[in-house]
1. If the Cβ limit is 6 Å and pairs must be 6+ apart or interchain, which residue in region B:15-34 that is at pLDDT below 90 pairs with which residue that is part of a loop (DSSP other than H, G, I, E, B)?
2. Filter region A:127-153 for residues that are touching a Cys at 6+ places or on another chain (Cβ under 7 Å) and either in a loop (DSSP other than H, G, I, E, B) or at the interface with chain B (Cβ under 8 Å from one of its Cβ atoms) (or both) and give the result.
3. Looking only at region A:54-79, count every residue that is in contact with a helix residue (DSSP H, G or I) (Cβ under 6 Å, 6 or more places away or on another chain) and surrounded by fewer than 22 Cβ atoms within 10 Å (Cβ to Cβ) and tell me the total.
4. State which residue pairs qualify: first residue assigned to a helix (DSSP H, G or I) and inside region A:78-92, second residue of a type in the set (Gly, Ala, Ser) and at pLDDT below 95 in any location, beta carbons under 7 Å apart, and separation of 6 or more residues or different chains.
5. Output the qualifying pairs, or none if there are none: Cβ atoms under 8 angstrom, residues six or more apart or on different chains, first residue in region B:109-126 and more than 7 Å from chain A (Cβ to nearest Cβ) and without any contact (Cβ under 8 Å) to a residue 60 or more places away in the chain, second residue hydrophobic (A, V, I, L, M, F, W, C) and outside any loop (DSSP other than H, G, I, E, B).
6. Kindly list the number of the only condition in (1) modelled with pLDDT of 90 or more; (2) facing another protein chain (nearest Cβ under 10 Å); (3) within 24 Å of residue B:121 (Cβ to Cβ); (4) surrounded by fewer than 24 Cβ atoms within 10 Å (Cβ to Cβ) that fails for residue A:38.
7. Can you pull out the residues in region A:5-25 that are surrounded by fewer than 12 Cβ atoms within 10 Å (Cβ to Cβ) and out of contact with any helix residue (DSSP H, G or I) (no Cβ under 7 Å at 6 or more places or on another chain)?
8. Would you be able to tell me the number of residues in region B:129-138 that are out of contact with any helix residue (DSSP H, G or I) (no Cβ under 9 Å at 6 or more places or on another chain) and modelled with pLDDT of 90 or more?
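The values are calculated or read from the model by the stated rules, or taken from the named source; none is laboratory data. Quick caveat, the model's predicted, so the values are computed rather than measured. Counting neighbours? That spans all protein chains shown, and the Cβs are built from the backbone with ideal geometry, glycine included.
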2 protein chains.
Amino acid sequence: MDVKLINPFLEAGVSVLKTMAMIEPTPGRPFLKTDQSAKGDVSGIIGITGDAQGSMSISFSTSCIATIVTNLFGSAVTEINDEVKDAVGELTNMICGDARRRLESAGISLQAGTPTVISGTNHSIKHINKGPCIAMPFETPNGTFVIEIAVSG
Amino acid sequence: MDVKLINPFLEAGVSVLKTMAMIEPTPGRPFLKTDQSAKGDVSGIIGITGDAQGSMSISFSTSCIATIVTNLFGSAVTEINDEVKDAVGELTNMICGDARRRLESAGISLQAGTPTVISGTNHSIKHINKGPCIAMPFETPNGTFVIEIAVSG
């Protein structure tokens, strides 16, 4: 997997969360995902086609997404309700769209499907693709989230 | 949502499971998905682009997928392990590929990302797209599965 395919997704993740949700995520150390242990309580997933094929996901802990959605909408949220799921879908769309714009300017054209949102305590995600899956954990003052990218050209 | 986009996915689902897993699924009544209640214990999800955009998922109960994977590989499977997850990913790919071939011959060209497999008891799936989501439940002698299609042109 080419790092020039990966970095735009990570940059887009930080940028969208800073701009939209007014949180300052601290990136951890990216790692090659070899197990499929649970990474969150709610996840947005989007399929990618074009010059590379694959999928991207972003998984939040309940406390992390509750803070983000509270910041987004201004009213306190404590559980993963429909509003939270829609927000996760929209954030997934925005991160993927931002990454695609960054890649477009590097001459790489990707298309994206529409997001799917999974909720369920301790669910696990396995990206089935030919190449590796890179996971990038982030810390926020209110919990963690992980962006996973599995794309290969 | 156009029924001519939907039916090929349902036909492909029945065809792939009959051919590959030697089970004869009985289709139930398709319904418009308005809630996001849990539909299975393991799901394959794939993003769709091209002449229509969206996502497709197939969700199995543990007993249903255990029987399918036992049929596929000939050795008894009782839990959702890595082999089961890979099989769900492969079935998702095959159903989507079969549906795309059926649509291609009707002049509709779709591309697909790579599948993502979710596991977790009673997880729920919400497809975020502009149009409706159609859910099609199936009965098998060993449990249920559901195909969901959310695509719009």
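1. Close Cβ pairs (under 6 Å, with a partner that is part of a loop (DSSP other than H, G, I, E, B)) amount to B:32/B:132; B:33/B:133.
2. A:127, A:142, A:150 - these are the residues of region A:127-153 that are touching a Cys at 6+ places or on another chain (Cβ under 7 Å) and either in a loop (DSSP other than H, G, I, E, B) or at the interface with chain B (Cβ under 8 Å from one of its Cβ atoms) (or both).
3. Result for region A:54-79: 5.
4. A:85/A:119
5. B:109/B:103
6. In the conditions (1) modelled with pLDDT of 90 or more; (2) facing another protein chain (nearest Cβ under 10 Å); (3) within 24 Å of residue B:121 (Cβ to Cβ); (4) surrounded by fewer than 24 Cβ atoms within 10 Å (Cβ to Cβ), residue A:38 misses (1) alone.
7. Within region A:5-25, just A:19 meets the criteria.
8. Result for region B:129-138: 3.
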